[in-house]
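Written out below as structure tokens is the structure these notes cover.
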Amino acid sequence: GDLLPADGILIQGNDLKIDESSLTGESDQVKKSMDKDPMLLSGTHVMEGSGRMLVTAVGINSQTGIIFTLLGAGEGDEEKKVKKGK
């Protein structure tokens, strides 16, 4: 499956199924349609079907980018504490 590089809203789709396990941990594929659950998230994989999306966020502004930023912020705080302690 193709990796989605950005967050977006599905504007055209044909039997689209997405593997969101990298974000949610849920192993089931999620069926996406314009009527129900049109959000596509970066870092997820297209498993079946095809579609077009309107990109709404990239890089650090995407859901994956926000998660990585939050994880990185915690590491930076720990490094600052270690440096202050020396």
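The values are calculated or read from the model by the stated rules, or taken from the named source; none is laboratory data. Note that the coordinates shown come from a computational prediction; the quantities given were computed from them, not determined experimentally. We place every Cβ from the backbone using ideal geometry, glycine too, and count neighbours over all the protein chains shown. The protein model used for the area step is the full one, side chains on, heavy atoms only, and it has no ligands, DNA or RNA in it. Shrake-Rupley method; radii C 1.70, N 1.55, O 1.52, S 1.80 Å.
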Practice task
Can you pull the one-decimal nm distance between simple spin-label points at Ser33 and Ile66, each 7 Å off the Cα toward Cβ?
Solution key: 2.7
Practice task
Compute, for Lys36, the solvent-accessible surface of its heavy atoms (probe 1.4 Å) with the complete set of protein chains present, and express it in square angstrom to the nearest 10.
Solution key: 150
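Averaged per residue, what accessible surface does region 2-74 expose to a 1.4 Å probe, in Å²?
Details: 4730 Å² over 73 residues.
Accessible area per residue: 65 Å².
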Exercise for the section: Please compute the net charge surrounding Met47, taking Lys and Arg as +1 and Asp and Glu as -1 over other residues with Cβ under 14 Å from its Cβ. Expected result: -4
Practice task
Once you have the Kirkwood Rh of region 6-66 from its Cα pairs, apply Stokes-Einstein at 25 °C and 0.890 mPa s and quote D in µm²/s.
Solution key: 213
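Do you know the relative contact order of region 2-74, to the nearest whole percent, from alpha carbon pairs under 8 angstrom that are 6+ apart? Show your work: numbers first, answer last.
Details: 153 pairs, mean separation 30.1, N = 73.
Across region 2-74, relative contact order equals 41 percent.
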Exercise for the section: Would you mind telling me the share, in percent, of accessible area of region 2-74 contributed by carbon and sulfur at probe 1.4 angstrom? Expected result: 57
